[in-house]
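This structure is in structure tokens; I'll ask about it shortly.
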Amino acid sequence: MRAHDPAKHAVGAVCAREVSRFARNSRDWQQLIEMCRVVDTILVDQETIYAPRHGNDRLLLGLKGSLNEYELDLLRRRSLSARSEKRAGASWL
């Protein structure tokens, strides 16, 4: 699937193991949700089927995207912390 396919009405559903993993940042995720809402394309993951035209589904999708973004940030911070601790430990040798 290409990013512009839902906008051209070429796709009726976007399927993924976890749809919020499409989000690299909140803006991209919100654009995908909005595009799917406008062209009436559903989002499907292993948990459920989301219809972005319904307010509750949009709210859940937004929350999933925000949590995914927070998780990525948390992993990034942990990685940087571990790297700096490793450097600090190497300086003692």
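Could you check region 28-77 and list, in sequence order, the residues that are assigned to a loop (DSSP other than H, G, I, E, B) and open to solvent by 100 Å² or more (accessible area, probe 1.4 Å)? Write out each step before concluding.
Applying the first criterion (assigned to a loop (DSSP other than H, G, I, E, B)) to region 28-77 yields 39-41, 45-48, 51-54.
GLN46, GLU47, ARG53, HIS54, listed by residue number.
With the structure loaded, tell me whether GLY65 is more than 12 Å from ARG21 (Cβ to Cβ) and either among the hydroxyl-bearing types (Ser, Thr, Tyr) or free of Cβ contacts under 8 Å to residues at least 60 places away in the same chain (or both) or whether it fails that test.
no
The values are calculated or read from the model by the stated rules, or taken from the named source; none is laboratory data. Owing to the predicted nature of the structure, the values given are computational and were not obtained by experimental measurement. All Cβ positions, glycine included, derive from the backbone under ideal geometry; neighbour counts span all protein chains shown. The protein model used for the area step is the full one, side chains on, heavy atoms only, and it has no ligands, DNA or RNA in it. Shrake-Rupley method; radii C 1.70, N 1.55, O 1.52, S 1.80 Å.
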